[in-house]
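The values are calculated or read from the model by the stated rules, or taken from the named source; none is laboratory data. Note that the structure is a prediction, hence the values are computed from the model and not measured. Cβ: placed from backbone, ideal geometry, glycine included. Neighbour counts: every protein chain shown.
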Amino acid sequence: FALHLIQSRDADLVGKPFFARYDPDAVWLDDLKPAFADRFPWQ
């Protein structure tokens, strides 16, 4: 998935794309895993 944050404590992250692997059991952002990196930009 290609996603972007519309709100963040770090204003530099707002609007920048990040990628997550598809997970049919994910119900919240915390349930997702990064697709092409070891961690998400906010971690």
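Restricted to the stretch 14-34, and to residues that are aliphatic (A, V, I, L, M) and under 10 Å from the mean Cα position of the chain (by Cα), which residue is surrounded by the fewest Cβ atoms within 10 Å (Cβ to Cβ)? Within the stretch 14-34, the match that is surrounded by the fewest Cβ atoms within 10 Å (Cβ to Cβ) is 29. Among the criteria (1) in a strand (DSSP E or B); (2) at pLDDT below 95, the one residue 19 does not fulfil is (2). Taking each residue of the stretch 2-13 that is free of Cβ contacts under 8 Å to residues at least 24 places away in the same chain and looking for partners that are part of a loop (DSSP other than H, G, I, E, B) and surrounded by 10 or more Cβ atoms within 10 Å (Cβ to Cβ) with beta-carbon atoms closer than 7 Å, six or more apart or interchain, yields 4/15; 4/16.
Is there a residue being outside any loop (DSSP other than H, G, I, E, B) and surrounded by 11 or more Cβ atoms within 10 Å (Cβ to Cβ) anywhere in the stretch 35-43? No, the stretch 35-43 contains no residue that is outside any loop (DSSP other than H, G, I, E, B) and surrounded by 11 or more Cβ atoms within 10 Å (Cβ to Cβ).
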